[in-house]
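S.K.: Before I ask anything, here is the structure I am working with.
The values are calculated or read from the model by the stated rules, or taken from the named source; none is laboratory data. Because the structure is a prediction, the values reported are computed rather than measured. To get the accessible areas, we keep the full protein, side chains included, count just its heavy atoms, and leave off ligands, DNA and RNA. Shrake-Rupley method; radii C 1.70, N 1.55, O 1.52, S 1.80 Å.
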Amino acid sequence: MTTGVPTSPSTVRPRRSRLRRYLPLGIAAWLVLEIWLLTQVAGVAGGLTVFLLLVAGFAAGSVVIKRAGRRAFQNLNEALQRGGSPTRGGGNGLMMLGGLLLMIPGLISDAAGLLLLLPPVQKAVSRFAERAFDRSLRKAAPGTLGDAFQQARIHRPDGKVVQGEVIREDTSREPGEQWPPLTR
């Protein structure tokens, strides 16, 4: 026996966001473009040159990530010794992202990683990201985290809660016996 709101037979699926719709297509196009560009460069400069470029990009990316991580850890230690919180900015996260893009094989990702290592580009990207984050926070409904979880459960088609009671009648057990039997 179940109680609750009856579901309509023609449930409307929630609309997918643009990001969820076009991100796989964008990643596939990016991968095809990276492979095409690598084959073009290999045709002009040779396969060994492309291999050395990829190895150099990986090595440079690992050095950048290590350096940015050390700087972030040093800033955290200094802030904790002062008794405050770490200063905002510094570009360590964007430097790590640039290093990660350098480590990914491909020339387009290397170019994007090198661009993220430039301080003016870091400032522009951080301002854009901060504005986008502020806009999304303003758009969000006020309330507690529990309210947000409840709203997410309400709007998910598989998150329905059906209230009911399960009554199991099993006559094969003794009246005071617990099931499953407790052995401890």
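S.K.: How large, in percent, is the carbon and sulfur part of the accessible surface of the range 19-133 at a probe radius of 1.4 Å?
M.R.: Answer for the range 19-133: carbon and sulfur cover 73 percent of the accessible area.
S.K.: If you stretched the chain out fully between LEU115 and ILE35, how much longer would it get, using 0.36 nm times the residue separation minus the C-alpha to C-alpha distance?
M.R.: 26.8 nm
S.K.: Report the gain in length on full extension from LYS66 to ARG131: 0.36 nm times residue separation, minus Cα-Cα distance, nm rounded to one decimal. Display every interim value, and only then the final one.
M.R.: On the way: separation 65, 0.36 × 65 = 23.40 nm, distance 2.83 nm.
Using 0.36 nm per residue and subtracting the Cα-Cα distance, I get 20.6 nm.
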